[in-house]
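Just below is one structure, and these are the notes that go with it.
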Amino acid sequence: MKVTLKIWRQPDAASQGAMHTYELDEVSEDMSFLEMLDVLNENLNAAGEEPVAFDSDCREGICGMCGLMINGEAHGPEVTTTCQLHMRSFKDGDEIVIEPWRADAFPVVKDLVVDRGAFDRIIQAGGFISVNTGSAPEAHSVPVPREDALRAFNVATCIGCGACVAACPNGSASLFMGAKITHLGELPQGQPERDERVVSMVAQHDHEGFGGCTNIGECTAACPKEIPLDVISRLNWDLHQAMRHGH
Amino acid sequence: MTDMPDTTLTSDPSHDAPGDHGDDAAGYYTPGEPIADTKAPGGPIEERWQTRKFEARLVNPSNRRKLSVIIVGTGLAGGSAAATLGEAGYNVKSFCYQDSPRRAHSIAAQGGINAAKNYKEDGDSVHRLFYDTVKGGDYRSRESNVYRLAEVSTNIIDQCVAQGVPFAREYGGLLDNRSFGGVQVSRTFYARGQTGQQLLIGAYQALERQVAAGTVTTYTRHEMLEVILVDGKARGIIARDMVTGEIETHLADVVVLASGGYGNVFYLSTNAMGCNVTATWRAHRKGAYMANPCYTQIHPTCIPVSGAHQSKLTLMSESLRNDGRIWVPKKKADCEKDPRDIPEEDRDYYLERIYPSFGNLVPRDIASRAAKNVCDEGRGVGPAVEGVRRGVYLDFSAAIERLGKDGIEEKYDNLFDMYARITGENPYETPMRIYPAVHYVMGGLWVDYDLMSSIPGLFVTGEANFSDHGANRLGASALMQGLADGYFVLPHTIRDYLADGPFEPVPADHPAVVEAEQSVRSRIDHFLNTKGTRSVDSYHRELGNIMWEYCGMERSEDGLKKAIDLIRTLKDDFWRNVKVLGTAEGLNQSLEKAGRVADFFELGELMCIDALNRRESCGGHFRAESQTEDGEALRHDETFAYVAAWEFAGDGEPPVLHKEDLVYTAIEMKQRSYK
Amino acid sequence: MATTTLVKGARASRSTITLKLLMAASGILFILFVLAHMYGNLKAFSGHDAYNDYAEHLRVMGEPMVPREGFLWILRAALIVALVVHVGSAVALWKRAHRARSTRYVVKKNKASSLSSRTMRWGGLTLLLFIIWHLVNFTIGKVNVSGGSTNDPYNLLVDTFDTWWMTLIYLAAMLALAMHLHHGVWSSAQTLGLTNNARARRNAKTLGWILAVVIAGGFSLVPIFVLAGVITK
Ligand SMILES: Cc1cc2nc3c(=O)[nH]c(=O)nc-3n(C[C@H](O)[C@H](O)[C@H](O)COP(=O)(O)OP(=O)(O)OC[C@H]3O[C@@H](n4cnc5c(N)ncnc54)[C@H](O)[C@@H]3O)c2cc1C
Ligand code: HEM
Ligand code: SF4
Ligand code: FES
């Protein structure tokens, strides 16, 4: 099939960017979306135009490196990552608009590549359990109810892709943050630092320039791992508790 | 079943008697002095690690801040080491090429992690895990290292649970285990199909905690391109800031490479797009020996290639083989038919036929080779890519009948969904198609018991080293190795080296620094100024095809020699005719790839030479010339029970082969049999 | 606005979530108020005297503990403070959200959000304008658009809603209120951390629907019946 691509091109962070239009023939529906862009890049390279920069690594939906705004939807029309989106979700003659994640906390590096370092710093602020190597007790010394372990696991599947931020009209990272708060807060090991964790992470989140949540729900609809909105409720709850405890 | 074609062999068998062969690789290499691991203490195997930990010198806590450690890689091996050394108070710099440490390819591991906890009371023990791992590696690994791995495996689980890794649990709240990769005990800990992700997030969080504590600095989107040696010791690296293009010098007292595997030399593999050999290859060129580079693991259950555009392959957990039955049509003519229309009697369940006792659960290498053989015969299924159908059916219809659709869904729904997403086919209704793919490399930089390479001060951990898996890796043991190395081994062994530090500071204009930086710059300039006609990817793809064809599942003397010629020709062409657009000052993904592919060429050649030298079939390494009457792998312990450690001798010069003899004191070598 | 530093001495009270908490608390106060207010309005169906008695009752409530209109003033003060807090936080969050994405998308689709959730800000502003007009109309200015008396609450009400465009403005405001509540009720439950699982989330959303329909519907009855000539002087 044949598609028309409108792609954001921006040489580097400091330069102005603009949308460019490319036609691409011979797209097969078995191609992944990124393989389609690979083909485009081969063509561009042959024609002497610099290939479009975009991020990807694992290409199997787990590393969280990829992420494009495709026709106004983060990761495109299916509930999955950009790398797992396939061209069979499109049809011959489609126009496809491709933009980078837009958030001032995720500045554009080049073309479709953005800097998500803010997520790392939110984790640095408190997204961990403080246990030095070697000081851990025997694993079976603390049983964890299966339900709690399951919930912790379900939200720990967040891949840190940033689609929630990209989709959120407020540019909020609450879903990402809530997923970590819930993961660690659901486990007995995460209790001692629970108050401090939420206070520091939220402060870092705000400091990075993410917006405040208005519980709109675009994040969870874009999330390739289907992290539910409950985690934001949990985040809010934990913050209130921390305040009550004098933080 | 009597009129079945013999599907086990495709090439002419020449049944070698052990030892009666010439040196296939003669002329391709120079024999060198034997080497040995001098760090493992003697004595009973159970006591060696305790002894070494005791004998390794300590570093005064107040001195640690003054000692700097560079760690390249933030996967399980690198991330865990950076966190642990940071906690100990060393001054750590951590590098990765992704935009966040959390994205290292360890994240993609699905199945699980082994540990000798014996929670199931099913007869597991440190010794049994050690035994299984050595046997699984077909007696080509170093026993003292493997024993230590089994020994610390239990600490890993404790550590990860304390960090909040949400392993699967039973109703009582205790950890669940499953049996994995054909072993008879249940010792694999898992977190649904995302074990690697959960373990890596644990290590990543520990790492970020140290960043906040100020002991670790992370350098993301930084690619290491050269190692700096001063007075024979590793003292730093040259890295390129992939965003600004700046060439940076980072100096330290010690350098650790935890840069993962090089399976991408095959172009198509289950590795991430950016996985590379550059970090280890640059070290190899500076004197680190590369051990057993040809040992590659090919995983039988991957989603087949769908066309020429394919950029990577996706693994589906091996656990699928527990319930799926593998078959191809008996008749070539049936290969295009809808599989559901092929009657039972026209199907060849070839694994069940050839290996009646293990059936579909034979080890990875056997299952992979058998699939290749039936496809080479023309009985493969699925779309023909470049004229050949490369796929076999993995059929769940019997299991669905037995367990119900719900039963299957409960066990495998995420895998089935992934399959459906990628192929557009519904595996509940029509059989899955699978084909083997490169998945893991057992080869890597040679290290001693302390995990130090042949370059003093250069340590290597995780998949980047060669040490623990011999010629074949058991399922769920790479995660174990990565974390064992990073959390529990390296932090002890590195202190013995650092006890002599801090070493004399290296000035920024030291000739060794200047030389390393110059060589990086001139390579980059070369790529940008060649202005040829072919893209980097097209070279990579062609190299991958050569490697897969001749140095993949089955290798032969003729094929390997041919491959070496092809690689050399292609490499020459690459250096003269590659086309890389853009500039060096800023993000340039073609430029990054060009550097990686340049190193893959050199590695690919060495892999072929190594494979040529090893005229035996062992583990994942199958030499057509070395098989039994009925086509099974034939090992030659008298001749090949050694680690092949290759030394770089200069561009265009044959590499030097150093052999490390493998001596087993705690275990007896046996031939594998799965019939 | 991206930074590379870690925040030192983080304080929970300085966060966006605290702003949200203030909005939720003030919003809930509004909900309680409008519920009571709506109940009072429905007294119009009981006729002139009952309605005026109720208006008078509001003024003498709490006497002699508080002076005449004392309770009313406490209520008014609380509502004014709440309004300032509510609107102030809304504006702060609005500005933040604006800064969080200064470059807009060329194409952006909404996948899951309700219309009401996306119109909280403009809808809220509509409500604010309406509240001002409403106060001018009935409380502060006592404007009788048909020129009648303004000191009899019941008559003022009937005169007002006999005018078709006044009723229209009022009904439009009720639509805005309904939408604001539809999202606001569930949103405040979420902000308070009460929707920590799928079931609680569903319940909160259902409650949002119910309150939206009951409150906006309840308020709309009086004007409609006045215009229809059922409620007369
Ligand atoms: C699909 C898949 C499934 C698997 N499943 C399992 C399983 O179930 N159980 C199991 O035990 N094993 C499994 N494995 C194997 C296992 O995951 C890996 O062997 C292991 O995780 C490797 O860890 P590592 O830390 O050595 O390397 P990686 O995790 O690959 O990390 C490499 C790091 O090095 C960095 N790096 C590389 N080169 C450079 C450079 N030049 N400059 C700077 N940084 C660099 C990267 O950024 C990255 O941070 C699986 C592997 C794959 C591919
Ligand atoms: C009768 C009047 C009002 C009622 C009953 C009311 C009620 C509520 C409630 C319950 C919320 C949910 C709070 C939360 O999300 O936690 C809310 C949110 C909001 N209100 Fe109001 N409100 C009223 C008037 C106003 C006014 C006058 C404005 C003026 C600007 C306004 C603007 C907003 C905005 C923007 C939000 C969304 C806040 C967010 O979710 O971030 N509201 N309101
Ligand atoms: S919560 Fe979902 S969308 Fe957000 S970063 Fe995690 S996986 Fe991506
Ligand atoms: S590339 Fe890893 S999630 Fe898409």
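The values are calculated or read from the model by the stated rules, or taken from the named source; none is laboratory data. This is a predicted model, so every value here is computed, not measured. Ideal geometry is used to build each Cβ from the backbone, glycine not excepted, and the neighbour counts take in all protein chains shown. Areas reflect the complete protein model, heavy atoms only, side chains present, ligands, DNA and RNA absent. Shrake-Rupley method; radii C 1.70, N 1.55, O 1.52, S 1.80 Å.
Computed values, structure above
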read-out: Test set (1) part of a helix (DSSP H, G or I); (2) more than 30 Å from residue B:132 (Cα to Cα); (3) modelled with pLDDT of 95 or more - residue B:455 fails condition number; value: (1)
read-out: Among (1) more than 10 Å from chain C (Cβ to nearest Cβ); (2) in a loop (DSSP other than H, G, I, E, B); (3) within 24 Å of residue A:85 (Cβ to Cβ); (4) not polar (S, T, N, Q), the one test that residue A:192 misses; value: (3)
read-out: Test for residue A:50: is it in a helix (DSSP H, G or I) and facing another protein chain (nearest Cβ under 9 Å); value: no
read-out: Criterion (outside the structural domain of residue B:71 (by TED's automatic domain parsing), within 16 Å of ligand 1 (Cβ to nearest atom) and not hydrophobic (A, V, I, L, M, F, W, C)) met by exactly one of B:414, B:465, B:472; value: B:414
read-out: The listed residue being out of contact with any Pro (no Cβ under 9 Å at 6 or more places or on another chain), within 28 Å of residue A:79 (Cβ to Cβ) and within 16 Å of ligand 4 (Cβ to nearest atom), out of A:158, A:213, A:219, A:168; value: A:158
read-out: Single residue of A:69, A:65 found to be more than 16 Å from ligand 1 (Cβ to nearest atom), touching an Asp or Glu at 6+ places or on another chain (Cβ under 6 Å) and closer than 12 Å to residue A:162 by Cβ; value: A:69
read-out: Considering residues of segment B:28-45 that are open to solvent by 60 Å² or more (accessible area, probe 1.4 Å) and at pLDDT 95 or above only, the residue farthest from residue B:668 (Cα to Cα); value: B:31
read-out: Residues of segment A:195-212 satisfying the condition of being within 16 Å of ligand 2 (Cβ to nearest atom) and either more than 7 Å from every other protein chain (Cβ to nearest Cβ) or farther than 30 Å from residue C:208 by Cβ (or both); value: A:205
read-out: Residue count, segment C:76-115 (criterion: at the interface with another protein chain (Cβ under 10 Å from one of its Cβ atoms) and closer than 17 Å to residue C:27 by Cα); value: 5
read-out: Members of segment A:218-239 found to be within 10 Å of ligand 3 (Cβ to nearest atom), open to solvent by 20 Å² or more (accessible area, probe 1.4 Å) and in a helix (DSSP H, G or I), listed by number; value: A:220, A:221
read-out: Sole exception among (1) within 17 Å of the chain's Cα centre (by Cα); (2) open to solvent by less than 40 Å² (accessible area, probe 1.4 Å); (3) among the aliphatic types (A, V, I, L, M); (4) more than 25 Å from residue A:218 (Cβ to Cβ) for residue C:178, by number; value: (4)
read-out: Any hit, segment C:17-25, residues being within 30 Å of residue A:117 (Cβ to Cβ), outside any helix (DSSP H, G or I) and within 14 Å of another protein chain (Cβ to nearest Cβ); value: no
read-out: Scan of segment B:329-361 for residues that are of a type in the set (A, V, I, L, M) and either under 24 Å from residue B:413 (Cα atoms) or open to solvent by 60 Å² or more (accessible area, probe 1.4 Å) (or both), ordered by number; value: B:333, B:361
read-out: When residues of segment B:260-285 are limited to those that are out of contact with any Leu (no Cβ under 8 Å at 6 or more places or on another chain) and away from every other protein chain (no Cβ under 14 Å), the one nearest to ligand 2 (Cβ to nearest atom); value: B:266
read-out: Scan of segment A:162-173 for residues that are more than 8 Å from every other protein chain (Cβ to nearest Cβ) and open to solvent by less than 10 Å² (accessible area, probe 1.4 Å), ordered by number; value: A:162, A:163, A:165, A:166, A:173
read-out: Filtered residues of segment A:81-95 (kept if under 13 Å from residue A:34 (Cα atoms), more than 16 Å from ligand 1 (Cβ to nearest atom) and touching a residue at least 60 places away in the same chain (Cβ under 8 Å)); value: A:87
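Condition check ((1) open to solvent by 10 Å² or more (accessible area, probe 1.4 Å); (2) β-branched (Val, Ile, Thr); (3) more than 16 Å from ligand 3 (Cβ to nearest atom)) across all residues:
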{"position": "B:66", "(1), (2), (3)": "yes, no, yes"}
{"position": "B:76", "(1), (2), (3)": "no, no, yes"}
{"position": "B:83", "(1), (2), (3)": "no, no, yes"}
{"position": "B:86", "(1), (2), (3)": "no, no, yes"}
{"position": "B:93", "(1), (2), (3)": "yes, no, yes"}
{"position": "B:102", "(1), (2), (3)": "yes, no, no"}
{"position": "B:105", "(1), (2), (3)": "yes, no, yes"}
{"position": "B:117", "(1), (2), (3)": "yes, no, yes"}
{"position": "B:130", "(1), (2), (3)": "no, no, yes"}
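Residues are listed down the side, and each one gets a yes or a no for (1) free of Cβ contacts under 8 Å to residues at least 60 places away in the same chain; (2) of a type in the set (A, V, I, L, M); (3) within 16 Å of ligand 4 (Cβ to nearest atom); (4) open to solvent by 20 Å² or more (accessible area, probe 1.4 Å):
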residue	(1), (2), (3), (4)
B:557	no, no, no, yes
B:565	yes, no, no, yes
B:574	yes, no, no, no
B:583	no, no, no, yes
B:618	no, no, no, no
B:628	no, no, no, yes
